[in-house]
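Q: The structure under discussion is supplied below as structure tokens; questions concerning it will follow.
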Amino acid sequence: MFLHVLGPLRATVDARPVPLGGRRARTVLAALALEPDWAVSVESLVEAVWGPRPPASARTQIRICVSALRRAFAGAGAPDTIETLAYGYRLRIAPEQLDSAVFEARVGRARVLAGHGRRAEAVLELRNALALWTGPALAGESGPALEPGVLRLEELRIRATEERLRLELALGRHADVIGELMALAATHPFREQLHGQLMLALHRAGRTAEALAAYRRIRLTLVDQLGIEPGPQLSDLERSILLGERPEPLSA
């Protein structure tokens, strides 16, 4: 069995899709998947499905959803996927059966490789990790109770992307990543790390005027919308570019 949460929620057994049912059952599975191999209370599942105003039959409907999911997994050849506990349920899943766990393991291996100076191998490991994503985390599933887990995964994704790009720049691949950095900087207007990487890539590619223009854009955004100046790393990078120096990639 393999469960996908780095994109639309889906499950497969021997590469065959498992029918997950309607919105409520999918939300229950999503909530369990955000806490893999960990007890999730019925109250938490009720909140995930209905929010702060559940119907009187909410607990019964949760049991119905879990029963339907169990039948679907058992029919696909993965019985006992959801375990009943004293006060809730647990998704019984090994790390290698969940794409988010595989993603985090690969990012961890990349960091070890980078720490040993094996930058090219670390980049490849990060690319493989990021290739697991097929869209926003749990795309199509919604609800305030799911949001913290979704935001955590999305933050891990963008940080892994920043780490990969930092290593690409350290390997001298600035020309190859400029287009990607432009798109990411536009999508994430407040992430100074990405904007700094864009500035560095442009400067190293001989496009210094564009690098300084990129600094002015992020500074204007931060001042106008947040009332703050760029951090010292970004300011120091601008100063180095103005002085014609060859600054190093921003630290994480």
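The values are calculated or read from the model by the stated rules, or taken from the named source; none is laboratory data. Everything numeric in this text was worked out from a predicted model, so none of it was measured. Positions of Cβ are generated from backbone atoms using ideal geometry, with glycine treated the same way; all protein chains shown enter the neighbour counts. Surface areas here come from the heavy atoms of the whole protein model, side chains and all, with no ligands, DNA or RNA. Shrake-Rupley method; radii C 1.70, N 1.55, O 1.52, S 1.80 Å.
Q: Can you list residues from other chains, or at least 5 along the same chain, whose modelled amide H is less than 5 Å from the amide H of Arg10?
A: Distant-sequence amide H within range of Arg10: His4.
Q: While we're on this one: If one computes P(r) from the Cα atoms of region 77-207, what percent of pairs lie at distances over 19 Å?
A: Pairs farther apart than 19 Å: 60 percent.
Q: Please report the net charge: other residues with Cβ closer than 13 Å to the Cβ of Ile228, K and R +1, D and E -1.
A: Its environment carries a net charge of -2.
Q: Report the accessible area of Met182, computed with a 1.4 Å probe over the heavy atoms of all protein chains in place, in Å² rounded to the nearest 10.
A: 80
Q: Given the convex hull over the Cα atoms of region 1-74, what projected area results after averaging over all orientations, in nm²?
A: It is 5.0 nm².
Q: Here is a follow-up. Under 25 °C and 0.890 mPa s, how fast does region 22-130 diffuse according to Stokes-Einstein, given a Kirkwood radius computed over C-alpha pairs? Answer in µm²/s, whole number.
A: Here the translational diffusion coefficient equals 156 µm²/s.
Q: Averaged over every viewing direction, what's the projected area of the C-alpha convex hull for region 176-240? Give it in nm², one decimal, please.
A: The directionally averaged projection comes out at 3.9 nm².
Q: Rounded to the nearest 5, what % of DSSP beta bridges with both residues in the chain are antiparallel?
A: Taking every DSSP beta bridge with both residues in the chain, the antiparallel ones total about 85 percent.
Q: Find how many whole Å separate the alpha carbon centroid of region 160-194 from the alpha carbon centroid of region 6-30.
A: After rounding, the separation between the Cα centres reads 33 Å.
Q: Rounded to the nearest 10 Å², what accessible area does Thr208 show when all protein chains are kept and the probe is 1.4 Å?
A: 50
Q: Under a crude label model (7 Å from the Cα following the beta-carbon direction), how far is Asp224 from Arg111 in nanometres?
A: 3.6
Q: Over all Cα pairs of the chain, how is the pair count split among 5 Å bins, expressed in % and running from 0 up to the last occupied bin?
A: Pair shares across the bins are 1, 6, 12, 14, 14, 12, 10, 9, 8, 7, 5, 2, 1, 0.
Q: Quick one: if you take sqrt(5λ) for each eigenvalue of the C-alpha gyration tensor of region 68-117, what semi-axes come out, biggest first, whole angstrom?
A: 33, 13, 6
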